[in-house]
Amino acid sequence: MKLAFSTLGVPGLPLADVVRLADDHGYHGVELRAHPEEPVHPGLGLTERADAAAEFKAAGVEILGLAGYARVAAPGEDEPVIAEIRSLLELARDVGAPYVRVFPGGGTEQSRAEADATAARRLGTAAEYAADLGVRILLETHDSHRTGADATRVLGPVGHRQVGALWDVMHTWLGGEQPVQSYAALSPHLGYVQVKDIASADDTTPLALGAGVLPLTEVVDVLCREGWDGWLCWEYEKRWYPDAAPLPGLLTAGREHLARLLNESA
């Protein structure tokens with residue numbers, strides 16, 4: 001498996017420094033948070049997009065994906081959501097990222113069936129555009145659809161190869177799923193896996209990998225047992241927890257922890 005980290009852990013860091021961190025600490029790739037606070041976002045011009053792609057390519061570091069904020073199950077009109085996804089897909093194509101992350105974002109005023117149908121309809125529409133651009137849309141296990149079972153209620157009806165799942169292991173755990181259950185639900189759709197660690201269900205402040213309660217050993221075990229060989233991406237939520245320890249000082253130990261889990265499971 002290849003290892004990456006998310007720039008959510010180094011908010012606002014210039015791309016040259018992001019690339020250097022990945023190279024210095026032995027990561028194969030980086031997931032870029034696609035937000036106006038960050039160096040890469042849909043408002044970039046074509047020259048800036050080309051420069052970003054070139055910077056990563058020159059260092060031999062891959063852009064794993066763009067972590068966007070489109071909410072595909074959210075109440076309201078379809079067109080603004082689809083337009084947001086299209087802008088992310090175009091950015092991904094231009095910087096050479098194979099994946100775009102979207103959130104479910106269902107509202108409390110919807111029934112579960114309404115939220116599922118809304119998300120499936122929008123993803124089905126966006127899938128054709130994604131296919132033209134050669135980018136895959138990944139629905140993250142998050143918020144209104146935090147388990148693998150929740151996500152498959154949307155992904156099954158979409159039934160398109162350009163729409164898949166991003167497994168956030170914290171959210172499936174918080175939703176009460178065991179890793180073997182999450183993998184069974186998500187495996188037909190799985191793009192990549194976000195790993196992290198936290199102190200407890202009540203305290204989700206990010207910790208160094210292996211220092212908390214999330215079942216990372218079990219996640220790696222099931223992935224290895226099933227022969228899955230995609231990406232593990234460390235999403236350290238420093239942006240939302242400014243008092244958390246700085247990520248750069250944790251990166252080498254985090255890579256070594258994941259490598260140890262992989263070796264023990266092999």
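The values are calculated or read from the model by the stated rules, or taken from the named source; none is laboratory data. Bear in mind that the values here come from a model prediction, so they are computed numbers and not experimental data. Glycine also receives a Cβ, built like all others from the backbone with ideal geometry; neighbour counts cover every protein chain displayed. Note: accessible area is taken over every heavy atom of the protein model, side chains too, but ligands, DNA and RNA are not part of it. Shrake-Rupley method; radii C 1.70, N 1.55, O 1.52, S 1.80 Å.
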- request: Output the peptides 224-237, 60-73 sorted from most to least packed, where packing is the average of other Cβ atoms within 10 Å over each peptide's residues.
  value: 60-73, 224-237
statement: Between C233 and residues 5 or more places away or on another chain, the pairs with built amide H atoms under 5 Å apart involve A4, V193, Q194, V195
task: Decide, for the stretch 181-253, between rounded, prolate and oblate: order the square roots of the alpha carbon gyration tensor eigenvalues as a ≥ b ≥ c, take rounded if a/c falls under 1.5, and otherwise choose prolate if a/b is larger than b/c, else oblate.
output: prolate
- line: Non-local residues with an amide H under 5 Å from the amide H of V61, with H modelled 1.01 Å from N and Pro and chain starts lacking one, are none
- prompt: At a Förster radius of 45 Å, what calculated FRET efficiency corresponds to the Cβ-Cβ distance of A54 and T217, to the nearest 0.05?
  reply: 0.70
query: What share of the DSSP beta bridges in the chain is antiparallel, in percent to the nearest 5?
result: 10
- request: Quick one: which residues, 5+ away or cross-chain, put their amide H under 5 Å from the amide H of A67? H built at 1.01 Å from N.
  value: L32, R33, A34, R101
message: Out of the total accessible area of the chain (probe 1.4 Å, heavy atoms of protein only), what percent is carbon and sulfur?
response: 50
- line: In the chain, whole DSSP H helices that both stretch 30 Å or further along their axis by alpha carbon positions and average at least -1.0 on the Kyte-Doolittle scale are 112-133
- request: Compute the Kirkwood hydrodynamic radius of the chain, taking the inverse of the mean of 1/r over all pairs of distinct Cα atoms, and give it in Å to one decimal.
  value: 18.5
message: From the phi angles alone, apply the Karplus equation (6.51, -1.76, 1.60; θ = phi - 60°) to the stretch 192-198 and give each ³J(HN,Hα) in whole Hz, x where the residue is Gly or Pro.
response: 7, 10, 9, 10, 6, 8, 9
- prompt: Taking a probe of 1.4 angstrom, what is the accessible area of S144 in Å², to the nearest 10?
  reply: 50
query: Given a 1.4 Å probe, how much area per residue of the chain is accessible, in Å²?
result: 40
